[in-house]
Structures are given as C-alpha cells and as structure tokens.
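No value in this document is a laboratory result; all are computed from the given coordinates. For clarity, every value in this text was computed on a predicted model and none was experimentally measured. As a convention, Cβ positions derive from the backbone with ideal geometry for all residues, glycine included, and neighbour counts pool all protein chains shown.
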Amino acid sequence: MKKLILVILLTLAMAPSGFAADFYVTPPNGAKSLSGDGSRDHPFTALEAALQSGTIKPGDTVYLTGGEYGKGLIRNVHFSAPVTIRPMEGKKAHFEFLVVYQKSRNLHIQGLGVWPSSFPVKRQLLVETGYDTSDIVFSDLDLRGGVDAGTYPGWGKPEWENRKVNGIMLRGPRGKILDSQFTGLDFAISTLADDAVVTGNIITGFSGDGIRSLGDRSVIRNNLIRDCIAMDQNHDDGIQSWSGGPKPGTGNLDRLTIEANIILEWTGPKDHPLRCVLQGIGLFDGTFSNLLIRNNLVVVSAYHGISVYGANRATISNNTVIHPLLPSGNRPWIMVNKRGNGTLSRDVTVANNLAMHYILSDIEGLFINRRNQVISYPARLFANPAAGDYRPIAGGPLSGAADPRYAPPTDLLGIARPLGSGPTLGAFEVDTKAISGE
C-alpha cells in the first residue's frame, strides 16, 4: 500500500499544473488591439495578440469562430508544447494569407481555408513559415488559387497568370504539412529545412512543381499529385529535390524518403490545350545519401519518370512508372546517373520496378539490379490501364515475380506483401492466384 501511495504522489508531482484550456477568437472586423477574455461568450478579437497575451498555455486549443480573418500574421509566439489553432466544429475560417515567423514554435494550425479574393494576386505565397521557426504543423488546410479554384480545367492562360500563387513554403525545421488540399496553384508545397514531413496531401491542378523538398531526413509519403498545367518554360515535376551547398547541387542531402505517392500527369480530356508534359520524381543534382524511393505510381509522358543524379547508398524499389498514352516506347524511364560535376553514383539498389525503360549507368561500388521489368504491352500486365487502373492482373506474370529480399513490407495502398507465394513487381500487391472472372 505504501508503494502504491508513493507512486500516486510521484505521478501527481510530475503532472502538469493545470488542464488544457479552450479559447475563442472572432474575425478582427477592423480591431487592432486585443479585447475579450477568450471565453466563448467574450472571445478574443485578434489571433496574434491572443497568442502573445500570455493567457494561452502549452497544450491549449484556440478555436476560430468562423468567418473572414483577412491577413494572418503570427510573430514571436513560442510554446514548450503544441498549441492548436482551428475552426470551431461546423465553422469555416478563411484567410487571405498566413505567415508564421520571428522564432514562433510549437503551433498546430488546422482546418483553415486560405486563398486570394482579388486578382491579379499580389503575393507569391499563401502560407509560409520563417527560417527561425520550428515545429510548425499544418493539417487539413484548403489552399486554392481562388474560391472557384475547382474550375481550373476551364481556365485559360490569362486566368492562370492572374492567379499565379504558390501554396505553402516551410522554411523552419520539423515542419509538417498533413492531409491538406491544394487546388489551382503554381508550386503547391515546398519544404526547405530538415525533418520535414509531407503526407496525405492532394494536389490538383498546378502549373509549377507539385512538391519540392530540400532538407535532410524529410519524408514525402501518401500524396496524390495530378493535373499539371503548361504555363512557361519551367520543367514541371511531380516531386523534385536537389542538394544544397554554396550553389544548388554542391552539398549532400541525407535520408530523403519518397514513398507511396501517386503522380498523374493529367486526368482530364486528352486534348486539353494547357496539358503539360510532366516529369515524375526528379532529383537532378545531388549528392543524395541514404535515399529511399519505393511504392510510387508515376504516370507521366516526359522522359524522367524517376531520375536520380548523384546517388550514394540509394534504394529504388517496387515503383510503377508508365506513360499515360499507351504504348510509349522508351519513356518514362527510371534513371540513376552521375552528378553534374562528374562524380559517379555509388552503392545503389534498383529492384522490383516496372518502367518503360531503364538507364542505370555511371554507378560504382555495390550495384544491385534485380527483377526490374520493362513494360512493353501494358494491356497484358495491368487490370485496365486505359482507364487508369495500373494494378497488375492477379495471377498474371507480374504477381509473385518480385525478389522478396528487396520488396517493402506493404504496397502503395498499405496492403501487406506478399499476397500468395511471393511479392508482386511494382507499386501494387496482388494475389498470385487468378481471381475468378478475370
């Protein structure tokens, strides 16, 4: 009994001094100073001032009561544990833009809508964080090139020029962008610092790159990137990275993971006049050390399906890289090449992939090239490629054909490998037994 009492007392001593609290903030409606006490009946009238007031503590939640919040600036707001900012249940909070900077730390910003209300746009970014921020998490955002961004397939070049705005740029370490929607933008997501996480996002209609990630130990996983628009001479990429240094490509980028993403060049009418020729995953000037690219579906018409220039200890496994207009000859390809300065790639594993072509050259050290199949006749291999179904035929020649030593434990959809006697080539796992009726 004494031991039990001692444990309880110690637990209480280590517990936080208070419980997490809820606060409320209305749209400013012209207010420049803080009023209200943050309660539901007397909400604060200015978000930044409320966060700086000292009333809000680590672990608290700030609810936005809904409406138009205008220009969002959050400066010099730092907490020892996350503070959540989100709309009230059933309410929507819209910002023209949102900037988090001046050493702000430990914020979780959730469920906001951010888009410009007037055109041509005057800012290049909808949401951004400063280099001196850290541990800023964004989730369930709705970022658009305008309130009507869902109509982007009908926009002409003038509309795209007037709405040329980027989605989000995270400059501080340990930033995250999760489960958010990006519609009708130029460059959708950019992360510049280390330990970034970009997962579960849907990018629809973009005229630049879908995702750029430039920091060490960053993770790009489970994102859908589709419908690229051709606006200028930029070589648009679904996912792009390069190493830093005094100049791009002169440093080393370590432990980048690109996993279980879907990149679709175009899903609309095939003859759309602004349809771009998209590159899939382009890592064009490394060095990229301890690189992992696996379980991605890349459906593009440019040559570069997955291309790495300057790999050092890299694994590229179980990806499906295919042309949307079948058949296509030798593109898109999976390529591993030397750096721009001539340094050879080193210690590379390329295994269990499906692509239209492979260029695996200028590699020294350990090079494992296993069970990589060229896609020559897609209709014989996939369930319904003409309709965008790139799952291998169950019991077909791709099922059970992968080398289990290099197959990931799950596939693009999270299905455990193997289904049957052995794992499947490419990003999707299927049973080694034919399904009745196929």
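Structure notes:
- Counting every other Cβ atom within 10 Å of each residue's Cβ, K103, K176, K270 order from fewest to most as K270, K103, K176.
- Note on Q102/A379: beta-carbon distance plugged into 1/(1 + (r/R0)^6) with R0 of 56 Å gives a FRET efficiency of 0.45.
- Rule-of-thumb Rg ratio for the range 345-438 [Cα; 2.2 N^0.38 Å; N residues]: 1.13
- Translational diffusion coefficient of the range 65-191 (Stokes-Einstein, Kirkwood radius from Cα pairs, 10 °C, 1.306 mPa s): 108 µm²/s.
- What the phi angles of the range 72-78 give under the Karplus curve with 6.51, -1.76 and 1.60, with θ = phi - 60°, is a coupling list of x, 10, 10, 10, 6, 10, 9 Hz, glycine and proline written as x.
- Three-way shape call for the range 29-137 based on the alpha-carbon gyration tensor, with the a/c threshold at 1.5: oblate
- Calculated on alpha-carbon atoms, Rg and Dmax of the range 67-121 in Å: 12.5, 40
- Alpha carbon Rg of the range 105-172, scaled by the compact-globule rule 2.2 N^0.38 Å: 1.24
- For S134, S180, S53, the sequence from fewest to most other C-beta atoms within 10 Å is S53, S134, S180.
- Gyration tensor (alpha-carbon) shape descriptor, the range 253-294, a/c threshold 1.5: oblate
- Three-way shape label, the range 177-225, alpha-carbon gyration tensor, a/c 1.5: oblate
- Separation of the alpha carbons by more than 22 angstrom is noted, of K71/K92; K247/K338; K157/K270; K71/K91; K71/K103; K164/K270, for K164/K270.
- Cα-based Rg and Dmax for the range 256-341, where Dmax is the largest Cα-Cα distance (Å): 13.5, 41
- Cut-off under 5 Å, modelled amide H: who pairs with H108 long-range: V83, T84, I85, V137
- Zone of Y131's modelled label, taken as backbone nitrogen in the range 53-78 under 16 Å from a point 7 Å along Cα→Cβ: none
- Acute angle (nearest 10 degrees) that the helix 2-14 long axis makes with the longest principal axis of the chain, alpha-carbon atoms: 90 degrees
- Centre separation in Å (Cα based) which lies between the range 110-157 and the range 348-411: 37 Å
- Charge sum, other residues only, whose C-beta stays under 11 Å from T133's C-beta, Lys/Arg counted +1 and Asp/Glu -1: +2
- The range 244-288-the range 208-239 distance, computed between alpha-carbon centres (Å): 5 Å
- For the chain, the C-alpha radius of gyration sits at 1.09 times the compact-globule guess of 2.2 N^0.38 Å, with N the residue count.
- Inter-probe distance in nm under a simple model that places probes 7 Å from Cα toward Cβ, at S117 and H235: 4.2 nm
- Remark: Y303, Y69, Y131, Y406 ranked as Y131, Y303, Y406, Y69, counting other beta-carbon atoms within 10 Å and listing the fewest first.
- R0 of 45 Å, Cβ-Cβ distance V277-I368: FRET efficiency to nearest 0.05: 0.90
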